[in-house]
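Colleague: Structure in structure tokens, see below.
Every number here is computed from the coordinates shown, using simple stated rules; none is lab data. Bear in mind the structure is a predicted one, so any value in this text is a computation, not a measurement. FYI the Cβ positions are ideal-geometry reconstructions off the backbone, even for glycines, and counts take in every protein chain you see.
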Amino acid sequence: MTEVLPLEKIKERIGQEIAKSAWFEIDQKRINQFADCTEDHQWIHVDEKKAAAGPFGKTIGHGFLTISMIPKFSEGNSLVPEGTLMAINYGLNKVRLLNPVTVGSKVRDTIVLGDVVEKSGGRILVTTIHTIEIEGQEKPACVAESLAMFFTQ
């Protein structure tokens, strides 16, 4: 659930889990669409027959597909400073792809508030830490620090 809060209340939540998304299945259609969008048609992603004989026994989603799911997982799962006019993706800090997501797997994201920094001109830089886990797997698919810049009045 998105919460609109005074900045000081948001800062009190640094280091705390702010959301856990619902499970989301990564199917072959999504993998193929991502391949088309990025022009990355490596066989391990799109050739189901060849991938069946490969190291994972089936196709895997692109690592960047996993990363690109962060906005989906964050939707409705964020803390927003009062007076926000708009927010933009500002980038990523440390990103690690730790475990491949095989086709048909379900993934979800646990989001932790990493940092909140006030900038000039009413801008607020918020860092969130995303741990994208794979259902039934001990090791997560991805851990990433995402940055959002909020513009306030």
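Colleague: How big is the charge dipole of the chain about its Cα centre, in debye rounded to the nearest 20, if each Lys and Arg gets +1 on its Cβ and each Asp and Glu gets -1 on its Cβ? Don't skip to the answer; put the middle values down first.
Modeller: Values: 17 positive and 20 negative charges, 37 e Å.
That gives the chain a dipole magnitude of about 180 debye.
Colleague: Through the Karplus equation 6.51 cos²θ - 1.76 cosθ + 1.60, θ set to phi - 60°, convert the phi angles of segment 134-142 into ³J(HN,Hα) values in whole Hz; use x for Gly and Pro.
Modeller: Result, ordered by residue: 10, 4, x, 10, 6, 8, x, 6, 7 Hz.
Colleague: Same structure again: Return Ile132, Ile31 ranked ascending by Cβ neighbour count within 10 Å, so the fewest neighbours appear first.
Modeller: Details: Ile132 25, Ile31 21.
The most exposed by this proxy come first: Ile31, Ile132.
Colleague: Further question: Multiplying the sequence separation of Thr2 and Arg123 by 0.36 nm and subtracting their Cα-Cα distance, what value in nm do you get?
Modeller: On the way: separation 121, 0.36 × 121 = 43.56 nm, distance 1.89 nm.
41.7 nm is the gain from fully extending Thr2 to Arg123.
Colleague: Given labels modelled 7 Å from the Cα in the Cβ direction, how far is it in nm from Asn89 to Glu12?
Modeller: Here the modelled spin labels are 3.2 nm apart.
Colleague: Taking every DSSP beta bridge with both residues inside the chain, roughly what % is antiparallel (nearest 5)? Could the numbers behind the result be given before it?
Modeller: On the way: 37 of 40 bridges.
The antiparallel fraction comes to roughly 90 percent.
Colleague: So who's got an amide H within less than 5 Å of the one on Leu79, skipping anything under 5 residues away but keeping other chains? H placed 1.01 Å off N, in plane.
Modeller: Glu3
Colleague: Distance cut-off 21 Å, Cα to Cα: go down the list Lys20/Lys72; Lys72/Lys94; Lys29/Lys72; Lys94/Lys139; Lys58/Lys94 and report the pairs above it.
Modeller: Values: Lys20/Lys72 12 Å; Lys72/Lys94 19 Å; Lys29/Lys72 17 Å; Lys94/Lys139 17 Å; Lys58/Lys94 28 Å.
Over 21 Å Cα-Cα: Lys58/Lys94.
Colleague: Calculate one ³J(HN,Hα) per residue across segment 12-25 by plugging θ = phi - 60° into the Karplus curve 6.51 cos²θ - 1.76 cosθ + 1.60, and present them in order as whole Hz with x for glycine and proline.
Modeller: Once rounded to whole Hz, the list reads 5, 9, 4, x, 9, 5, 10, 6, 9, 6, 6, 5, 9, 7.
Colleague: Within segment 102-126, name every residue whose backbone N is under 17 Å away from a label modeled 7 Å from Cα of Glu135 along the Cβ vector.
Modeller: 102-110
Colleague: Whole-Hz ³J(HN,Hα) for each residue in segment 67-76, computed from phi via Karplus 6.51 cos²θ - 1.76 cosθ + 1.60 with θ = phi - 60°, x for glycine and proline: what do you get?
Modeller: 4, 5, 7, 3, x, 4, 5, 7, 4, x
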